[in-house]
């Protein structure tokens with residue numbers, strides 16, 4: 001069972017990710033993990049925090065001479081801005097954030113107790129964990145990448161990059177924020193990952209849950225997604241073909257590489273809708289938790305637009321879920337054992 005958990009607060013000493021269940025024998029390049037964190041920090045519209053932090057992964061355990069040994073892998077990312085105990089309390093929750101519900105749930109009228117952990121800063125640790133899974137997948141010829149579909153209502157494309165920047169600049173001047181849509185695609189995954197036998201084993205369900213758990217994500221679709229609802233079945237389902245070289249294949253991929261909760265060998269494609277970030281420099285109305293009087297919402301240092309960053313986190317989420325499905329399917333305690341099982345399965349498919 002591959003699993004991970006993270007710890008740490010936005011302005012705490014550090015963020016930590018612990019991965020359990022990764023097989024032995026995998027060479028992990030620390031610089032690759034750090035490179036993924038750098039990608040997460042990029043994008044037009046990011047805030048001042050990214051000019052303070054210079055995220056770098058330090059591997060604390062689980063490797064010997066750069067090779068996994070089968071024990072839990074601990075990853076640490078230090079925060080340069082680690083002023084959590086010196087920061088003032090916050091009593092006016094921001095609409096759209098976890099501020100109010102977190103305060104109600106954990107019985108703390110200082111909203112900072114909630115916002116420090118609910119902050120998207122936590123996704124740096126997720127990105128590091130997903131980067132390890134990316135390395136694992138690469139040993140089986142599987143790649144995971146993302147692209148921006150739309151930002152602030154403007155479709156992405158080479159001719160539209162200036163329009164998108166102008167849109168972000170307008171939001172900045174207004175003290176506002178922007179969201180968008182990004183797509184994550186995994187290529188090279190074999191047919192047979194996931195299962196329809198139980199609801200919690202369906203690969204599309206797992207991917208949707210992992211992607212929806214990223215802060216600010218409000219919608220996830222696989223393949224054609226919501227577009228399926230407005231078409232005839234004959235325009236939606238991907239016809240099946242066969243030849244001796246490719247075996248079973250499709251000419252379209254409206255299913256997004258998953259049928260019945262199981263990968264079908266085509267690229268696995270998911271798209272996510274990201275809402276505008278909740279912290280507005282021109283804040284919305286709120287209520288002071290102590291006085292119960294109307295007051296404008298708190299202002300925290302934040303981004304104007306972080307869709308590109310969220311896409312990198314989306315890659316990490318997809319990488320982890322596919323890696324988990326691969327290990328469930330092929331098992332093994334070492335890379336060599338997993339590869340033997342994998343190659344045996346591919347041989348089986350070729351003889352089908």
Matching entry among 85, 160, 81 (being surrounded by fewer than 18 Cβ atoms within 10 Å (Cβ to Cβ) and either in contact with a helix residue (DSSP H, G or I) (Cβ under 7 Å, 6 or more places away or on another chain) or modelled with pLDDT of 95 or more (or both)): 81
Selection within region 238-264 - surrounded by fewer than 16 Cβ atoms within 10 Å (Cβ to Cβ), at pLDDT 95 or above and part of a loop (DSSP other than H, G, I, E, B): 239, 251, 252, 260
Test: residue in region 317-334 that is assigned to a helix (DSSP H, G or I), modelled with pLDDT of 95 or more, within 30 Å of residue 167 (Cβ to Cβ) and out of contact with any strand residue (DSSP E or B) (no Cβ under 6 Å at 6 or more places or on another chain): yes
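Rundown of residues vs (1) in contact (Cβ under 8 Å) with a residue 24 or more places away in the chain; (2) out of contact with any strand residue (DSSP E or B) (no Cβ under 7 Å at 6 or more places or on another chain), yes/no style:
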| position | (1), (2) |
| --- | --- |
| 98 | no, yes |
| 106 | no, yes |
| 112 | yes, yes |
| 115 | yes, yes |
| 118 | yes, yes |
| 129 | yes, no |
| 132 | yes, no |
| 135 | yes, yes |
| 139 | yes, yes |
Matching option when the condition is over 18 Å from the mean Cα position of the chain (by Cα), buried (at least 19 other Cβ atoms within 10 Å of the Cβ) and outside any loop (DSSP other than H, G, I, E, B), among 103, 31: 103
Residue that is farthest from residue 70 (Cα to Cα), among those in region 338-352 that are assigned to a helix (DSSP H, G or I) and touching a strand residue (DSSP E or B) at 6+ places or on another chain (Cβ under 9 Å): 350
Residue in region 314-325 that is exposed (fewer than 15 other Cβ atoms within 10 Å of the Cβ) and in contact with a helix residue (DSSP H, G or I) (Cβ under 7 Å, 6 or more places away or on another chain) present: no
Residue in region 224-235 that is at pLDDT 95 or above and closer than 28 Å to residue 122 by Cβ present: yes
Criterion violated by residue 305 - all others in (1) surrounded by fewer than 21 Cβ atoms within 10 Å (Cβ to Cβ); (2) in contact with a helix residue (DSSP H, G or I) (Cβ under 8 Å, 6 or more places away or on another chain); (3) within 30 Å of residue 178 (Cβ to Cβ) satisfied: (1)
Qualifying residue in region 175-189 (condition: crowded, with 23+ Cβ neighbours inside 10 Å, within 22 Å of the chain's Cα centre (by Cα), under 30 Å from residue 292 (Cα atoms) and modelled with pLDDT of 95 or more): yes
Residue list for region 175-220, restricted to those being part of a loop (DSSP other than H, G, I, E, B) and either within 26 Å of residue 280 (Cα to Cα) or without any contact (Cβ under 8 Å) to a residue 24 or more places away in the chain (or both): 175, 176, 177, 178, 179, 197, 198, 213, 214, 215, 216
Of the criteria (1) closer than 20 Å to residue 272 by Cα; (2) buried (at least 18 other Cβ atoms within 10 Å of the Cβ); (3) in contact with a strand residue (DSSP E or B) (Cβ under 8 Å, 6 or more places away or on another chain), which one residue 212 fails: (2)
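The values are calculated or read from the model by the stated rules, or taken from the named source; none is laboratory data. Remember, it's a predicted structure, so these values are computed and weren't measured experimentally. With ideal geometry, Cβ positions are generated from the backbone for all residues, glycine too; neighbour counts draw on all protein chains shown.
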